[in-house]
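Notes follow the structure.
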Amino acid sequence: MNVADDKSIVKDYFNSTGFDRWKRIYGNGEVNTVQLDIRKGHQKTVDTVLSWFKADENLSEISICDAGCGVGSLSIPLAQAGAKVYASDISEKMVQEGKERAEQTLGNGDNPTFAVQDLEGLSGKYHTVVCLDVLIHYPQEKAAEMISHLCSRAESRIIVSFAPKTFALVLLKKIGSFFPGPSKTTRAYQHREADIVDFLQKNGFSIERQAMTRTRFYFSRILEATRK
């Protein structure tokens, strides 16, 4: 399967059944046990990244590109804290939901700026580029290309999260594939951390901060890299 196929599958999924599912997960309504666990895990990842930004005490001075912004879980609080945020997602429905949530939280305004855009089509320059829980939708052989493009948009820093490829998680995913219906594992790619680090270093970045979010059903490795 090539990257065009992957992109089409992701776009179609998040504009149809996937949108309703993830809208609930990223919301406050009632969800099942697995979805609640994923909600808590994703929020922990968002909170970790927010804590890094706030610790630097320069949010009002920087621009941020939230690539694969979903419903604005990170973009909205960043804008609320004073950063200039450009938020993009491949899914038109996700972007529209993000706009509505931003309006409810921040009122009418142009920050964050939301746009329907895939990762490869991102343009412009930003102090920091963030890409959380997006690489899980794309295979290892395309990760280098996508990270390289994101790095080209970042003037100072890039923050990415991904599902780490370990024996235990590969086994867990394999077990999940035997369950039918809603419990069945979703189409997801895991990535070797050493490869992601290598991709970042080859683009002139070095690792600064790192963290791991781990719940029963959600695993996300977070890396912050700054331009050398």
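The values are calculated or read from the model by the stated rules, or taken from the named source; none is laboratory data. All values derive from a computational prediction rather than experimental measurement. Here Cβ is always computed from backbone atoms with ideal geometry, including for glycine, and neighbour counts include all displayed protein chains. Only protein heavy atoms, including side chains, enter the accessible area calculation; ligands, DNA and RNA are left aside. Shrake-Rupley method; radii C 1.70, N 1.55, O 1.52, S 1.80 Å.
Here are a few things to note about the model shown:
- Relative packing of 77-90, 51-64, 123-136, which averages over residues the other C-beta atoms within 10 Å, highest first: 77-90, 123-136, 51-64
- With the highest mean first, a sort of the peptides 7-16, 207-216, 143-152 on other beta-carbon atoms found within 10 angstrom per residue produces 143-152, 7-16, 207-216.
- All-pairs alpha carbon distance profile, the chain, 10 Å steps from 0, percent: 8, 34, 40, 16, 2
- In the chain, the DSSP-assigned H stretches of four residues or longer account for a calculated mean residue ellipticity at 222 nm of -14000 deg cm²/dmol, using -39500 (n - 2.57) per stretch and the full residue count as denominator.
- Pairs of Cα atoms nearer than 8 Å and 6+ residues apart set the relative contact order; for the stretch 69-111 it is 48 percent.
- Per residue value of the accessible surface for the stretch 24-88 (all protein chains in place, 1.4 Å probe), Å²: 43
- Environment charge of Tyr218, counting only residues whose C-beta is closer than 11 Å and scoring Lys/Arg +1, Asp/Glu -1: +3
- Taking the chain and dividing mean pair separation by its residue count, relative contact order in percent (alpha carbons under 8 Å, at least six apart): 18
- Cβ-defined net charge surrounding Thr113, 12 Å radius [Lys, Arg +1; Asp, Glu -1]: 0
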